[in-house]
Amino acid sequence: MMESCIFCRIIRGEIPSRKIFEDDDIVAFHDIHPAAPVHFMLIPKAHVESLAHADDTHRDVLGKMMVLAPRLAKELGLNDGFRTIVNTGRVGGQEVLHLHMHVLGGKDRLPPMLARN
Ligand code: AMP
Ligand code: ZN
């Protein structure tokens, strides 16, 4: 699983990515199919399948990701807000099974998060 996990492969440098940030615990890189003018994601280096698989041992890295997101957003020019998304599991529409936080933004207001029926 960690062998074939696409984000683990990005962490190991086996797949190219446009990296924004890296330390011992976290990597941030641009999304390959951006859904907004700026669209990047933060991932823990440790393979965690989803937020539903996180436990107390992941508190520090998840806290770091939350604090890092606004810092990187600002560095990329998102001075007037941004959106963070963590898709989780089937219902959440998660496609890559390695926990990741999307950060999206740009000049204009983003569309509504979800359409209301
Ligand atoms: P999710 O639907 O939340 O699992 O989002 C997965 C995201 O990963 C999508 O926005 C994809 O565009 C993105 N993605 C998939 N493969 C790559 C890759 N090799 N490099 C960068 N982003 C990727
Ligand atoms: Zn992984």
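Every number in this text was worked out from the coordinates using simple rules, so none of it is lab data. Quick caveat: nothing in here was measured; it's all calculated off a predicted structure. Neighbour counts are summed over all protein chains in view; Cβ atoms, including those assigned to glycine, are modelled from backbone coordinates with ideal geometry.
Below, the figures for the structure above:
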| quantity | calculated |
| --- | --- |
| Peptides 78-87, 11-20, 42-51 ordered by average Cβ neighbours within 10 Å, highest first | 42-51, 78-87, 11-20 |
| Summed side-chain charge close to Lys64 - residues other than Lys64 whose Cβ falls under 12 Å, Lys, Arg +1, Asp, Glu -1 | -1 |
| Cα Rg, Dmax, region 6-105, angstrom units | 12.7, 35 |
| 17 Å reach of a label modelled at Glu49, 7 Å along Cα-to-Cβ, counting backbone N of region 80-107 | 87-100 |
| Residue-wise HN-Hα coupling along region 30-41, computed from phi with Karplus coefficients 6.51, -1.76, 1.60 (Hz; x: Gly, Pro) | 5, 5, 6, 10, x, 9, 7, x, 10, 8, 10, 9 |
| Amide proton proximity set for Ile26, modelled H, under 5 Å, gap of 5+ | Lys45 |
| Helix axis angle, 59-75 relative to the chain longest principal axis, alpha carbon, degrees | 40 |
| Whether region 52-117 is rounded, prolate or oblate, judged on the alpha carbon gyration tensor where a/c under 1.5 counts as rounded | oblate |
